[in-house]
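Enquirer: Take a look at this one; I'll ask things after.
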Amino acid sequence: QVQLVESGGGLVQAGGSLRLSCAASGRTFSSYYMAWFRQAPGKEREFVARISRSSGMTYYAESVKGRFTISRDNAKNTVYLQMNGLKPEDTAVYYCAAVLSPGNWDQWRAYDFWGQGTQVTVSS
């Protein structure tokens, strides 16, 4: 199993940047596929980005492609989400997720482990 803790959220102006971090416990972090999801009040949790165990394969939601970058540092047991060109519609709680054997990588139900979330608010 793996325990996940997100950090780095906050309040930024439209067009600004933030980098989220997800720190993982355990010695098997490199074995997990990792992903970021987000959820706004009254809305379903939606996929943002994922990265493979090798860190070489990534996938992004169309809404964030070209603006967000997911990466991982297995030596530090940490996955990151660099967010540039933030928009008000990016406002949400952002969650880190992990799974050993994903099915549909863009579906939250495919992931077994979740962090507590970190709030990102983008003002206009």
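The values are calculated or read from the model by the stated rules, or taken from the named source; none is laboratory data. All values reported here derive from a predicted model rather than from experimental measurement. Here the Cβ is made from the backbone with ideal geometry for all residues, glycine too, and neighbour counts use every protein chain on show. In case anyone asks, the SASA skips ligands and DNA or RNA and just uses the protein heavy atoms, side chains included. Shrake-Rupley method; radii C 1.70, N 1.55, O 1.52, S 1.80 Å.
Enquirer: Can you report the number of residues in the stretch 88-124 which are modelled with pLDDT under 95, charged (D, E, K, R) and outside any loop (DSSP other than H, G, I, E, B)?
Expert: The total comes to 1.
Enquirer: Within the stretch 21-35, is there a residue that is open to solvent by less than 20 Å² (accessible area, probe 1.4 Å) and more than 17 Å from Q3 (Cα to Cα)?
Expert: So far as the stretch 21-35 goes, no, none of its residues is open to solvent by less than 20 Å² (accessible area, probe 1.4 Å) and more than 17 Å from Q3 (Cα to Cα).
Enquirer: Where in the stretch 1-86 are there strands (runs of 3 or more DSSP E), lying fully within it, with 1 or more residues that are touching a Gly at 6+ places or on another chain (Cβ under 6 Å)?
Expert: On the way: elements: 4-7, 10-13, 18-24, 33-39, 46-51, 58-60, 68-73, 78-83.
Answer list for the stretch 1-86: 4-7, 18-24.
Enquirer: Of all residues in the stretch 36-62, which are open to solvent by 10 Å² or more (accessible area, probe 1.4 Å) and under 13 Å from G117 (Cβ atoms)?
Expert: Of all residues in the stretch 36-62, those open to solvent by 10 Å² or more (accessible area, probe 1.4 Å) come to 38-47, 50, 53-62.
Correct list: R38, Q39, A40, P41, R45.
Enquirer: Only one of (1) open to solvent by 70 Å² or more (accessible area, probe 1.4 Å); (2) more than 12 Å from the chain's Cα centre (by Cα) fails for D90. Which number is that?
Expert: Exception for D90: condition (1).
Enquirer: Taking F68 as meeting all but one of (1) over 17 Å from R109 (Cα atoms); (2) surrounded by fewer than 18 Cβ atoms within 10 Å (Cβ to Cβ), write down the number of the exception.
Expert: Only one criterion in (1) over 17 Å from R109 (Cα atoms); (2) surrounded by fewer than 18 Cβ atoms within 10 Å (Cβ to Cβ) is unmet by F68, namely (2).
Enquirer: Restricting the search to the stretch 71-86, which residues are open to solvent by 40 Å² or more (accessible area, probe 1.4 Å) and either without any contact (Cβ under 8 Å) to a residue 12 or more places away in the chain or more than 14 Å from G9 (Cα to Cα) (or both)?
Expert: Quick first cut of the stretch 71-86, residues open to solvent by 40 Å² or more (accessible area, probe 1.4 Å) only: 71, 73-76, 82, 84.
Within the stretch 71-86, S71, D73, N74, A75, K76 meet the criteria.
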